[in-house]
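Structure first, then comments.
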Amino acid sequence: MSSKDRILARIRRAASGPDSAVPRDYLRVHGARTPAESADLLAANLAEYRAKVHRTDEDGIALLLMRLLAERGSQTVLVPPALPPHWLAAADPVRIHDRAASTPAELDAVESVVTGCALAIAETGTIVLDAGPDQGRRRITLIPDHHICVVRVPEQLVDSVPQALERLDPTRPLTWISGPSATSDIELDRVEGVHGPRTLEVILLGAQ
Amino acid sequence: MTGTYLGMPAFPAFPEAAGEAVRDEVLRANLRHATHTIRDKRARAVAELEDWDRLRAAGKAIKDHTLRHLDCYLLQLEESVTAAGGTVHWAADADEANRIVTDLVRATGEREVVKVKSMATQEIGLNEALEAAGIAAYETDLAELIVQLGHDRPSHILVPAIHRNRGEIRDIFRSEMGSWGRPAPEGLGDDPRELAEAARLHLREKFLRAEVAVSGANFMVAETGTMVVFESEGNGRMCLTLPETLISVVGIEKVVPTFRDLEVFLQTLPRSSTAERMNPYTTMWTGTAAGDGPSAFHLVLLDNGRTDTLADETGRQALRCIRCSACLNVCPVYERAGGHAYGSVYPGPIGAILSPQLRGTGSEIDATLPYASTLCGACYEVCPVAIDIPEVLVHLRERVAQGGPVTREGIRVTLRPAHGHTAERAAMRAARLLLDRPGALRAGERLLARARRLAPRRLPGPGRAWTDTRALPAIPAESFRDWWTRERGTSQ
């Protein structure tokens, strides 16, 4: 008898008793907000996790990205395949593309990465990436030390976790990001930046 | 009957191990600071959600429903994972799981693996099994790294190095990092920032060259085959996305039916464990994705005592556990005894009910774990899936003291009462004898009252242990019955 059959047989002998229906009376969203209030809440929650939040519109994004990359002193920036070209039109750093042949060690030399996102969640201060063409593979938002993520507001902004799951495709690789990499393993003191990007900047595009 | 291996050799009984820990003042101070910090933060994070009780009830019901139909959901999961390009393996016990993982690593030709913190692989002693096969397993979670470099054992589910303070961690890094890879920077201090940076440098070279990773998972979705890992540091993302081969060892109880079910646990798990609205990183993957992440994904479904636990209708609620560790942080016994006293990778209140069920109550440590509690109920109050830990503790105490029917490795057996409870049962039998005979009881009481000045301060024989930690009550000069007769003139 295979282990699979053995385990299934044990379960069938063991599982007994009444079945319970799952109550779904928990809230879909915590509170009613205008789109502007949702953007404010996202910004506040991101800031609490020490992400840096900026706001601009389509006209201002190129200058903002130029400034953020210059302030950081980045010489190179990773660019996902379908990042809107005008976003980086004014930026100085050399654009690096993530190719199948590029090794993690090569990507480790790149200083910044700019991506879009699948959506953002106001109540938890979370951005979700689904490896879409304006986000690229998971490794490009992981290896560089500086990640700038652009959230289109209000289109990509939801209020709550249940609303987010409804809009996500589970067959895509998903990365939920709430603030920069952090640890609390030493005396429960929170320290930002262990293995992932130590600086996370979020641009709310369209939110004024 | 072979015992289920929980990653550790034979341990002393809980009272002995706890007694030693209680006398360690540094340990107690470290633990008190850590548990109080996190429990206060958690209370605030939970208070933010007005529907917390409803989320808790939903989480409990999702888990109970899944356990009731575990066979169906595991088969559905296998189908979904396979359809998405993964391979599913079934492991009845620790040995089998270790063999499967070792063979999979060997097939890649690699001699080292990077690991995401995982309770399941600690439970089965995977690192030791890999080492015996000549494969080096590197823990990459900061706390696990501290434990591994310190040749230590984890003492907390979420913060395995909670028993260490920054000075101790600095010393471990200074003396041990060099023998595993990049040494600690010159003049390393004890600031948590500096220590985290040292870990970053030490581990990055391993991440960037790793070809094989081993992980667990917090949840598996039957409907879609999606695996979910919650973490904070990014070491999880490194392991889950950079290597070519990913092997995940996951307990069969971690499955949930639908993707939508995650909406409950994504809200309750981070708030219960790290007291945050959301942990910094959560990775979800479904089989393999073309060009993104590992090209080979293996899922090892682990039983190792879980089906036996499922067979116990009272005890099976322990399988609802989502490993948040909130129960550890509120437990007055854990706070003083520390995680090592529990002699298992699952310490604290949840460990006290999980370990004796996964391993059976045959060993001394497992027979004493159900007594490692004051039954104050704080663990039940904080549990995000409403596991009634005190109820299971009492149930297991009864099993230890009285024996009775139990399932081990799928077979129904009858346990004999454990050693060490003979005195307890003899005392109960004597009490029954006496209480059934009012005349004998009255005579005995009078005799006791008259001899009260001769009563010892400590009990002799098997009662000594009881009086080691308790004062023996003074015997009154007059029994209650005599007082009643004197005052009221009747003995009825």
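Just to be sure before I move on: is A:PRO180 in a helix (DSSP H, G or I), within 9 Å of another protein chain (Cβ to nearest Cβ), in contact (Cβ under 8 Å) with a residue 60 or more places away in the chain and under 30 Å from B:ILE38 (Cα atoms) in the structure I sent?
The answer is no for A:PRO180.
Kindly indicate the residue of region B:266-278 that is buried (at least 24 other Cβ atoms within 10 Å of the Cβ) and at the interface with chain A (Cβ under 7 Å from one of its Cβ atoms) and also nearest to B:CYS379 (Cα to Cα) among those meeting that condition.
Among them, the one singled out is B:THR274.
Please state which of the following conditions A:GLN135 fails to meet, knowing it meets all the rest: (1) more than 10 Å from chain B (Cβ to nearest Cβ); (2) part of a strand (DSSP E or B).
(2)
State the number of residues belonging to region B:234-263 that are farther than 30 Å from B:ALA107 by Cβ, touching a residue at least 24 places away in the same chain (Cβ under 8 Å) and within 7 Å of another protein chain (Cβ to nearest Cβ).
Residues meeting the conditions: 2.
Condition first: charged (D, E, K, R), assigned to a loop (DSSP other than H, G, I, E, B) and more than 9 Å from chain B (Cβ to nearest Cβ). Now tell me which residues in region A:106-132 satisfy that.
A:GLU111, A:ASP130
Quick one: in region A:30-45, which of the residues that are of a type in the set (A, V, I, L, M) and in contact (Cβ under 8 Å) with a residue 40 or more places away in the chain is farthest from the other protein chains (Cβ to nearest Cβ)?
A:ALA36
With the checklist (1) out of contact with any Cys (no Cβ under 9 Å at 6 or more places or on another chain); (2) at negative phi; (3) in a loop (DSSP other than H, G, I, E, B) in hand, flag the one item B:ILE157 doesn't pass.
B:ILE157 satisfies every listed condition except (1).
Restricting attention to region B:240-254, and to residues there that are in contact with a Ser or Thr (Cβ under 6 Å, 6 or more places away or on another chain) and surrounded by 24 or more Cβ atoms within 10 Å (Cβ to Cβ), which single residue is nearest to B:PHE297 (Cα to Cα)?
B:SER248
Which ranges mark the helices (runs of 4 or more DSSP H) fully within region B:1-114 that have 2 or more residues being more than 10 Å from every other protein chain (Cβ to nearest Cβ) and either of a type in the set (Val, Ile, Thr) or within 24 Å of B:TYR371 (Cβ to Cβ) (or both)?
Correct list: B:14-22, B:25-47, B:70-83, B:94-108.
What are the residues in region B:279-299 that are in contact with a Phe, Trp or Tyr (Cβ under 8 Å, 6 or more places away or on another chain) and either more than 10 Å from every other protein chain (Cβ to nearest Cβ) or closer than 23 Å to A:LEU8 by Cα (or both), if any?
B:GLY287, B:PHE297
Only one of (1) touching a residue at least 40 places away in the same chain (Cβ under 8 Å); (2) more than 10 Å from every other protein chain (Cβ to nearest Cβ); (3) in a helix (DSSP H, G or I) is not met by B:LEU201, so which one is it?
The one condition B:LEU201 does not meet is (1).
Select from region B:471-492 the residues that are hydrophobic (A, V, I, L, M, F, W, C) and closer than 30 Å to B:TYR371 by Cα and write down the one among them that is surrounded by the most Cβ atoms within 10 Å (Cβ to Cβ).
Looking at the filtered set, the residue picked out is B:ILE475.
Is it the case that A:ALA82 is outside any loop (DSSP other than H, G, I, E, B) and modelled with pLDDT of 95 or more?
No: the conditions fail for A:ALA82.
Listed residues A:THR56, A:THR103; which is β-branched (Val, Ile, Thr) and either within 14 Å of chain B (Cβ to nearest Cβ) or over 19 Å from the mean Cα position of the chain (by Cα) (or both)?
A:THR103
What is the number of the single condition among (1) buried (at least 19 other Cβ atoms within 10 Å of the Cβ); (2) within 24 Å of the chain's Cα centre (by Cα) that B:HIS89 does not meet?
(2)
How about region B:285-315: which of its residues are within 30 Å of A:ALA131 (Cα to Cα) and part of a loop (DSSP other than H, G, I, E, B)?
Matches in region B:285-315: B:GLY287, B:THR288, B:ALA290, B:GLY291, B:GLY293, B:PRO294, B:SER295.
Test B:ALA213 against the criterion of being more than 12 Å from chain A (Cβ to nearest Cβ) and surrounded by 22 or more Cβ atoms within 10 Å (Cβ to Cβ), and give yes or no.
Yes: the conditions hold for B:ALA213.
So which residues in region B:457-470 are touching a residue at least 12 places away in the same chain (Cβ under 8 Å), farther than 19 Å from B:ARG425 by Cβ and either among the hydrophobic types (A, V, I, L, M, F, W, C) or surrounded by 10 or more Cβ atoms within 10 Å (Cβ to Cβ) (or both)?
Of everything in region B:457-470, just one residue is touching a residue at least 12 places away in the same chain (Cβ under 8 Å), farther than 19 Å from B:ARG425 by Cβ and either among the hydrophobic types (A, V, I, L, M, F, W, C) or surrounded by 10 or more Cβ atoms within 10 Å (Cβ to Cβ) (or both), namely B:ARG458.
The values are calculated or read from the model by the stated rules, or taken from the named source; none is laboratory data. Here the structure is a predicted model, which is why all the values come from computation and not from measurement. Neighbour counts are summed over all protein chains in view; Cβ atoms, including those assigned to glycine, are modelled from backbone coordinates with ideal geometry.
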